[in-house]
Amino acid sequence: MKKFQNKKLLMLGSSLGTTEMIKYAQDNGCHVIVTDYLPKEKSAGKMIADESADISTTDIDSLEIFARKKNIDGVFCGVSEINLKSVKALCDRLNLPCYYTDEQWRLCQNKKQFKQLCIENGVSVPKEFFVGENGMTEPVDCIFPVIVKPTDGSSALGISVCHNNTDLKDALPKALEYSPSGSAIIEEYVVGTEFTSVYTVVDGEASLVCLRDRFPTLDHADATAQFDASVAPSKYYERYMAEINPNIIKLLRSVHAKCACVFFQGIANENKMVIFECGYRINALLDFYNIDEAIGVNYMEMMIDYALTGKMDVVAGHEGSHKRYWCIFNISCHEGKINYDDNTRDILQNSSVIHCQYLQPVGKTIIENNSLTQSVFRAHINSDTLEELKQAIEFIQSKVKVRDENGKNLLFLPFDTARLNKHYEKGNR
């Protein structure tokens with residue numbers, strides 16, 4: 001008998017990762033119902049679900065009535081933070097499992113509160129110069145460069161790197177625009193390599209399952225969020241394990257993390273290693289593909305298990321100092337209405353590519369905003385050697401062609417794979 005036989009899962013909306021979650025639940029015998037306000041042909045989740053309903057994911061009252069009528073056993077969504085808040089509200093009403101508490105979400109969602117949580121647990125953070133609310137006009141005494149961002153924004157929107165007071169004056173209104181609470185934070189801009197650490201938490205025990213370094217796009221200056229590749233292992237692995245990991249474990253215990261997937265973002269250079277952000281959710285890069293293929297830990301499946309059963313029936317794995325290269329390769333576009341041929345099947349013929357997808361539909365208009373919303377293609381690559389990884393990236397770049405309606409190339413500058421050699425030549429490889 002399949003482990004989800006006779007169970008029903010309500011999926012809220014369609015975002016990155018939703019279809020993978022639906023297929024996993026269905027393969028294990030679950031009846032999946034997807035709801036959102038979109039017509040079926042525009043909702044990837046509805047297209048493959050066993051059943052669907054046209055109810056907005058923010059209409060909690062209607063969702064509660066529907067869920068009770070359908071005898072729902074679990075509620076979940078993809079990586080959308082708005083939908084995750086609805087999941088929590090609905091689970092509370094239905095007395096169903098939800099992996100996070102209001103306190104955990106609040107502490108990790110608000111950048112000011114998260115920074116204080118880090119300080120309390122000995123996790124190094126960037127120096128803070130100011131946190132301001134809407135209407136702030138006084139100059140800020142700070143040492144440039146600084147980074148300005150909404151205290152509670154998402155998708156890397158509203159973030160700016162400032163090198164002088166003129167930049168700062170322009171950046172503050174943008175940050176405030178993308179802050180639901182109307183506040184912005186100004187902190188030191190640490191120059192170095194951005195990294196991401198990913199943890200699974202099973203029965204209160206947290207384990208690092210991935211630590212990867214980010215290669216920002218060189219297509220334009222001051223790219224704060226847009227990237228070409230995120231690659232594991234991090235060349236800072238040993239330092240991270242000594243300086244950061246013990247205190248991250250302590251932090252997760254302090255918020256009583258029980259069963260969860262949590263990621264942290266930070267910056268490392270020769271002099272310091274700091275953490276600046278946290279996500280108490282499945283990350284939008286869906287690196288469970290790389291992690292599962294490499295060490296047999298699939299945190300997406302763990303989260304679905306918890307939503308339907310209230311437990312994670314697994315033993316937490318650990319990244320360790322692995323000998324292979326894991327890469328999330330990202331391709332972005334400039335402004336324009338995009339057109340491309342979906343050649344993912346051809347790209348998957350490369351033995352190192354374990355998953356790939358176009359992130360935006362043909363006909364979508366891309367807007368220049370220096371955020372991840374300009375990403376149009378992403379591939380997950382696991383290779384035995386650095387040379388194999390480079391060859392896979394070059395193969396993908398030869399295949400992905402995105403143009404506007406007039407045939408103009410919209411792609412960012414290609415990723416120079418020689419950056420990988422330079423990055424690792426003084427690292428731990």
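The values are calculated or read from the model by the stated rules, or taken from the named source; none is laboratory data. Just so we're clear, the structure is a prediction, and the values are computed from it rather than from any experiment. Because the Cβ atoms are built from the backbone with ideal geometry, glycine has one as well, and the counts that use them run over all protein chains shown. Remember, those area values only see protein heavy atoms, side chains included, never the ligands or the DNA or RNA. Shrake-Rupley method; radii C 1.70, N 1.55, O 1.52, S 1.80 Å.
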Listed here are the pairs K337/K408; K46/K70; K40/K364; K169/K337; which of them are more than 21 Å apart at the Cα?
K169/K337
Using the charge dipole of the chain (Lys, Arg: +1 at Cβ; Asp, Glu: -1 at Cβ; taken about the Cα centre), state which of C118, L172, I72 has its Cα farthest towards the positive end.
I72
Computed [θ] at 222 nm, helices only, for the chain once each DSSP H run of length n ≥ 4 contributes -39500 (n - 2.57):
-9000 deg cm²/dmol
Specify which labelled value, from (1) 63, 57, 41; (2) 58, 47, 45; (3) 61, 44, 41, agrees with Cα extents along the principal axes in Å derived from the coordinates of the model shown.
(2)
The chain: Cys lacking any partner C-beta under 4.7 angstrom:
C30, C77, C118, C142, C162, C210, C259, C261, C327, C333, C356
The orientation-averaged projected area of the Cα convex hull of region 7-57, in nm², is 2.9 nm²
Give me the accessible area of D292, 1.4 Å probe, in Å² rounded to the nearest 10.
60 Å²
Cα to Cα, under 13 Å, and not fewer than 8 places away if on the same chain: which aspartates and glutamates meet these conditions relative to K2?
D27, D305
By per-residue mean of other Cβ atoms within 10 Å, what is the highest-first order of 241-253, 407-419?
241-253, 407-419
From largest accessible area down, sort Y236, Y280; use a 1.4 Å probe on the protein chains.
Y236, Y280
